[in-house]
Every structure is written in structure tokens, then in C-alpha cells.
Amino acid sequence: MGTSTSFRSPPVTRWRAFTTALTSGASIERVRSELFNAGNEWETALASDAVAAYAALLLDLYNSMPDRLRSGERPEGVLQAVATAAKTDRLVETGSAAEAMAERAFVRLLMRTSGGGGSLSQLTSSEAAQQFVAQRGTPNRFVSEYLAELLGQYARHATAREAGRITEAVPEAKVSDTRRLTREIAIAAAKVGSQVEVDGTTLPAIRNNWASLVAEAFAKGTRVRV
């Protein structure tokens, strides 16, 4: 990634506020606020129908994933097949950075839910199915957790592309420091997503309401406690 400006945030006021907060030692809450305040175009992109299709697909997987896992030889293979099918679904377009984030968030949520916080490779297919049932929560919560994972991916992308500025501002900063900061901001962004309440758990409801859920998350993300 280096320090090439081609990988950095657009040179506009709202993104300058984010990079200033990021490189000046501001609190994680302040950095998170500037991140969501800056991301008008990202809000639009993450609210797209292509991203909403992943959220809607999770409703089907909420019920069908345990049986898919049980019938598979290895849980990793089942997840790979599900991810491949999602990419080739006629309702899911590919090509944009937002859709790449949507795919990563989709896979990470399924891995985390099936793995129960541990390594999926250490579980049998039956054990992974049991973990999925134990960890998935309600359908509403499952979709909310996807939104949380998606916003965490957004935060990682926006922060990681400023790694060069961080080391320029703080020459003694180590790679591990930058990674830690990126992780903390991603956790803060994901927490915002998990606080958004999802109403209506039918495929049409999720697809129709997705943009408003993303908008609510971005509005929550800009707030700073006084």
C-alpha cells in the first residue's frame, strides 16, 4: 500500500477531518464519528440493491445453513460453495468496492457464526451446524450482525488506506500500532451496526428497508457523546 496518494481518501473537507482525527491521536469515538460523517458516497454504495441481496440471502441461510453444514463433508467447503453461489446469484452484481466489502462481510459472518468464535477447521460438519444454531440468534439479530460486519469492513478499508499518513504523522509508529488502530476503529464501527434494530424478516422487507437501515447506522455513527 505504501504512501501513494492514489490509495488515500479524496481531498475534500469531510475526509480531511477524518484523516486529521486519525493521525492526531483523537479518541476512537471521534475518529469513528468523522469516518461516518465523511462517507456520504459509501453510505449510498453500501445501501445498494447488490449489497441488500446479501442481507436478504442471510434470511434463507438462517434456516437452511445447519442442514447444509450437516450434509457437507467439511464446513469450510460448505461455506465456500455458499459464497460462490451468492456471487453468481442473478440478484447479486459484482465489481464495486462496496460489493467486495459485502461479500467479505457475508463470508466472515457465516464463518464466525459456524465457528463459534474458534477455528472452523477444527470442527466437524455436525459441530459447525450446532455452533451455527447456537450463535445465530434471532433472524432480526442475524441481519443486524451482518450490517455490523459490513460497517467493520468499511472502517478497515478507510483506515488502512491511510496507513501512510499515520506513519508520516507519527514516525515512531509501528505496523502493529497501525493494525491495532484499524482494528479498534473497525470494532467501533461494527458496534454501531449492531445497535440498529431490524424490523421485518422477509426477503422483500429486508431488500426494501436495507437503505434505511444503512442510513440509520451512518446517522448513529456520526454521534459523539457529550
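Bear in mind that the values in this text are calculations on the coordinates, not laboratory data. Since the structure is predicted, the reported quantities are computational estimates derived from the model, not experimental observations. Glycine also receives a Cβ, built like all others from the backbone with ideal geometry; neighbour counts cover every protein chain displayed.
On a 0 to 90° scale, report how tilted helix 125-135 is relative to the longest principal axis of the chain, with both axes built from alpha carbons and the result rounded to the nearest 10.
Long axis of 125-135 versus the principal axis of the chain: about 60 degrees.
Mind checking the angle between helix 97-115 and the chain's longest principal axis? C-alpha axes, 0 to 90 degrees, to the nearest 10.
The angle comes out near 50 degrees.
Dividing the alpha-carbon Rg of the chain by 2.2 N^0.38 Å yields what?
Here the answer is 1.05, to two decimals.
Only four residue types carry charge here, +1 at the Cβ of Lys and Arg and -1 at the Cβ of Asp and Glu. Report the dipole size of the chain about the Cα centre in Debye, rounded to the nearest 20.
For this selection, approximately 520 debye.
Could you give me the ³J(HN,Hα) list for segment 44-50, computed from phi with Karplus coefficients 6.51, -1.76, 1.60 and θ = phi - 60°, whole Hz, x at Gly and Pro?
Couplings: 4, 5, 6, 8, 5, 4, 5 Hz.
Determine, at each q value in 0.11, 0.15, 0.18, 0.23 (inverse angstroms), the log₁₀ of I(q)/I(0) that the Debye formula gives when each Cα of segment 23-144 is one equal point scatterer.
Values, matching the q order: -0.45, -0.75, -0.95, -1.24.
Can you sort 106, 132 by how many other beta carbons sit within 10 Å, fewest first?
Listing 106, 132 from fewest to most nearby Cβ atoms yields 132, 106.
Where Lys and Arg each count +1 and Asp and Glu each count -1, what net charge lies around residue 33 among other residues with Cβ under 12 Å from its Cβ?
Residues near residue 33 contribute +4 overall.
Once every DSSP H run of n ≥ 4 in the chain is given -39500 (n - 2.57) and the sum is divided by its residues, what mean residue ellipticity at 222 nm do you get, rounded to the nearest 500 deg cm²/dmol?
-24000 deg cm²/dmol
Could you give the angle, 0 to 90 degrees to the nearest 10, between helix 139-160's Cα long axis and the longest principal axis of the Cα atoms of the chain?
30 degrees
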